[in-house]
Structure formats: structure tokens, C-alpha cells
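Structure, as C-alpha cells:
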Amino acid sequence: DGTTAGTSPLPPIPPIGTVLGSVNGRLLYTSDGTCSLQASGQVEQLTTMPTVLHRLNGTTYLSGSGYLYATDGTSSGTTFLRSGMTNPVVSQGRFWFFSFVSPFANWTLKTFDPVTGQTSTSLMAPTFAWTWVIAPTPNGVVFHVRLPGFGLWASDGTVNGTRRLTVPLDDILNMQPWRDRTLLFGHDPVNDLQAWVTDGTETGTHLLVNVSPDYVSPGVMMTTPQGTLLSVNHGQDVRLLFTDGTPAGTRIVSQHDSTIGDFTVLGTQLLFLESSLSNPRARLFATNAAMTASHRILAPVPRGGSLDLRASTTAVGGSLIFA
């Protein structure tokens with residue numbers, strides 16, 4: 001609770017993988033791995049949860065891949081909700097996820113209501129796929145199952161409301177929610193792979209910008225209070241784009257001839273590293289507050305040293321502490 005006396009070890013619960021939010025004061029999360037429980041006393045505290053315990057060489061393991069739990073921070077207050085929820089998203093107070101359907105690699109879209117504990121029936125016919133991407137919209141979700149020609153789909157949580165949108169996109173990468181819309185890298189026969197935006201309707205799905213007449217390789221998306229920044233790799237040229245979700249508000253912030261990465265948001269600015277194979281010494285850059293340009297704020301580190309914005313970064317009083 002922020003005091004020494006009020007700080008204590010958390011009772012043994014399934015390891016927290018992805019935090020999904022809270023309902024009625026309880027944390028909802030998925031458990032994506034396994035935890036080792038050495039003492040029998042710890043195992044006894046977990047027997048109220050209908051999970052699977054395995055004994056192997058004298059060690060008890062709690063299976064938790066894709067399991068959804070709710071917890072109030074105590075072992076007795078940690079309950080199993082359901083299994084088979086891999087990378088769910090939250091929309092309209094429900095969890096939306098793809099559920100595995102045997103045989104082979106078939107998947108179908110479902111929803112789960114944490115208040116009623118009800119799981120919907122399949123919202124679409126089982127589809128063969130290896131991977132998928134899914135993002136929330138005001139009316140439900142948009143999604144794409146990684147299968148050539150499958151296109152962009154939308155769902156309002158009903159079977160009749162789950163359909164393929166009549167837009168030219170035939171492949172989707174890197175979806176990122178932005179306010180009431182979703183930004184994505186989409187491929188169509190005319191523009192190849194470029195940045196698009198959608199609100200889950202045909203009229204609200206359109207190209208944001210054509211960075212190049214050739215195929216581009218999308219990088220990461222990082223959202224700030226003003227909009228979303230996208231890194232785009234085009235041959236030897238790497239470009240940093242900014243968008244507010246409209247074509248008029250989409251522009252190139254800066255261009256680089258080296259790799260950029262380790263994106264970190266600090267207030268209204270974006271910090272990132274630039275490095276290359278020929279000169280591995282990293283350089284630290286920052287965008288301006290208007291997101292119209294970037295500038296170097298730290299010279300290359302001494303040879304043999306490195307910068308790392310991915311680990312142990314902490315924003316304190318408007319400053320960023322990093323290694």
C-alpha cells in the first residue's frame with residue numbers, strides 16, 4: 001500500500017501474464033506460463049482453484065497457458081474463470097478471443113462476459129490459420145486471420161454481425177487501437193503494404209498514406225496522446241511517420257539510413273535509438289512536441305558501450321531515467 005509495513009509477499013497465485021483490466025474491484029489477467037510451487041503448504045492454498053497441477057521429480061507445477069483468472073490479491077480470492085483465451089482484447093465490457101477448434105489448426109471467434117461468466121457460441125465458421133490479429137472498435141472488434149485472401153473482418157458479437165468487410169485489403173499486420181478506430185498495416189493489390197485506418201465499417205476503412213509505390217516493411221507502432229507513430233522500412237531508408245487517424249494528419253516526421261527502435265513515450269515526445277551494422281554505437285533521438293521532426297539528443301556512446309531504452313526505464317518528474 002506504499003508503506004514498509006504494508007508491503008508483503010503476494011500469496012502464491014498463477015503467474016500474471018497479461019493484465020486485462022478490473023471488474024468489481026478484482027484484477028482480471030491471463031496466465032501465460034507455468035510456476036513452480038516448492039512447498040506443499042503453498043499447493044494447499046491453491047486447491048480451491050480448478051486448475052491442473054502436475055507432479056514432476058518432486059516439484060508441483062501449475063499449468064496456466066491461456067487461462068483467465070480473477071484475483072483480489074489473496075490466494076483464497078483468486079479464482080479460475082475459463083481456459084482457451086489466448087491474447088484476448090476488451091470491447092463493450094466483454095473479452096473477445098480466438099478459440100481453438102480441433103482437428104488441425106482451426107480457430108473461431110468467441111466472446112466471454114466476466115460478469116455473467118457466459119461464453120458465446122462461435123461467431124464464425126472454424127477457419128484454418130496459424131496466427132491472427134484482433135483489435136477493438138466502438139461496435140465490437142475488427143480482426144484478420146493470417147490466411148491469404150481472408151481479408152478484414154468485423155464483429156458486433158453476433159453471428160449475423162460477424163462478416164468480412166468489402167474492402168480491398170487481403171493481408172493485415174500490426175493492428176494498433178487509436179481512440180475509436182484501429183490503425184494497421186494492410187496490403188492491397190494497388191498500394192502493396194501501407195498504413196490504413198478502420199472503424200469496423202466499409203466507409204470508415206481507408207488508406208492513410210502511400211509512403212512509397214513499392215512494398216514497405218512495417219515496423220512498430222507507438223501511441224502518444226496526440227496520435228500514433230509508425231516506423232516504416234523501405235530498402236535502406238527507414239521513415240518515422242505520425243498520424244492522428246486521418247490522411248490529412250499523416251506525415252513523415254524523419255528519415256534515417258539506419259535501424260531505429262527501442263521506442264519510448266515521454267510526455268508528448270517519442271524517444272528512440274538509431275544504430276546500424278557499420279556503426280553499432282547507438283544514438284538517442286527525440287521527436288519535437290509537434291511531431292513534425294526529430295533531433296539527436298545524445299551523441300554515440302563510447303565504443304563497447306550501449307544504450308537500452310527497453311529495460312529499466314522510468315519516467316520521473318518529466319524526465320526519463322535509462323541505462
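The values are calculated or read from the model by the stated rules, or taken from the named source; none is laboratory data. Not measured: the values here are computed from a predicted model. Note that we place each Cβ from the backbone using ideal geometry, even for glycine, and neighbour counts take in every protein chain shown. Side chains are part of the model used for accessible areas, which takes the heavy atoms of the whole protein and leaves out ligands, DNA and RNA. Shrake-Rupley method; radii C 1.70, N 1.55, O 1.52, S 1.80 Å.
Which of the following residues is in a strand (DSSP E or B), closer than 19 Å to Met222 by Cα, among the hydrophobic types (A, V, I, L, M, F, W, C) and at pLDDT below 70: Ala286, Ala311, Ala315?
Working: Ala286 fails: at pLDDT below 70; Ala311 fails: in a strand (DSSP E or B).
Every option except Ala315 fails the conditions.
Can you say whether Trp178 is open to solvent by 40 Å² or more (accessible area, probe 1.4 Å) and modelled with pLDDT under 85, as far as the supplied structure shows?
Details: open to solvent by 40 Å² or more (accessible area, probe 1.4 Å): no; modelled with pLDDT under 85: yes.
Spelling it out, it is not the case that Trp178 is open to solvent by 40 Å² or more (accessible area, probe 1.4 Å) and modelled with pLDDT under 85.
Condition test on Thr166, is it in contact (Cβ under 8 Å) with a residue 12 or more places away in the chain, open to solvent by less than 60 Å² (accessible area, probe 1.4 Å) and more than 22 Å from Thr228 (Cβ to Cβ)?
Working: in contact (Cβ under 8 Å) with a residue 12 or more places away in the chain: yes; open to solvent by less than 60 Å² (accessible area, probe 1.4 Å): no; more than 22 Å from Thr228 (Cβ to Cβ): yes.
In short, no.
Tell me, yes or no, whether the range 108-124 has at least one residue that is among the hydroxyl-bearing types (Ser, Thr, Tyr), touching a residue at least 12 places away in the same chain (Cβ under 8 Å) and over 16 Å from Phe143 (Cβ atoms). Break it down into steps so the answer makes sense when it comes.
Step one: of the range 108-124, the residues among the hydroxyl-bearing types (Ser, Thr, Tyr) are 108, 111, 116, 119-122.
Then keep just the ones that are touching a residue at least 12 places away in the same chain (Cβ under 8 Å); that gives 108, 111, 119-122.
Pick out the ones that are also over 16 Å from Phe143 (Cβ atoms) and you get 119, 121.
So far as the range 108-124 goes, yes, one or more of its residues are among the hydroxyl-bearing types (Ser, Thr, Tyr), touching a residue at least 12 places away in the same chain (Cβ under 8 Å) and over 16 Å from Phe143 (Cβ atoms).
For Ser155, are the conditions met, namely being out of contact with any Pro (no Cβ under 6 Å at 6 or more places or on another chain), touching a residue at least 12 places away in the same chain (Cβ under 8 Å), within 18 Å of Glu202 (Cβ to Cβ) and open to solvent by less than 50 Å² (accessible area, probe 1.4 Å)? Spell out how you get there, then give the answer.
Numbers: out of contact with any Pro (no Cβ under 6 Å at 6 or more places or on another chain): yes; touching a residue at least 12 places away in the same chain (Cβ under 8 Å): yes; within 18 Å of Glu202 (Cβ to Cβ): yes; open to solvent by less than 50 Å² (accessible area, probe 1.4 Å): yes.
It is true that Ser155 is out of contact with any Pro (no Cβ under 6 Å at 6 or more places or on another chain), touching a residue at least 12 places away in the same chain (Cβ under 8 Å), within 18 Å of Glu202 (Cβ to Cβ) and open to solvent by less than 50 Å² (accessible area, probe 1.4 Å).
Among the residues of the range 231-255, what is the count of those that are touching a residue at least 24 places away in the same chain (Cβ under 8 Å) and part of a strand (DSSP E or B)?
Residues flagged as touching a residue at least 24 places away in the same chain (Cβ under 8 Å) and part of a strand (DSSP E or B) within the range 231-255 amount to 11.
What do you reckon, is Ser278 modelled with pLDDT of 85 or more and small (Gly, Ala, Ser)?
Judged against the criteria, Ser278 is not a match.
Please go through the range 115-141 and pick out each residue that is buried (at least 16 other Cβ atoms within 10 Å of the Cβ) and in contact with a Lys or Arg (Cβ under 8 Å, 6 or more places away or on another chain).
Listed by number, the residues that qualify are Thr119, Ser120, Leu123, Trp132, Val133, Thr137.
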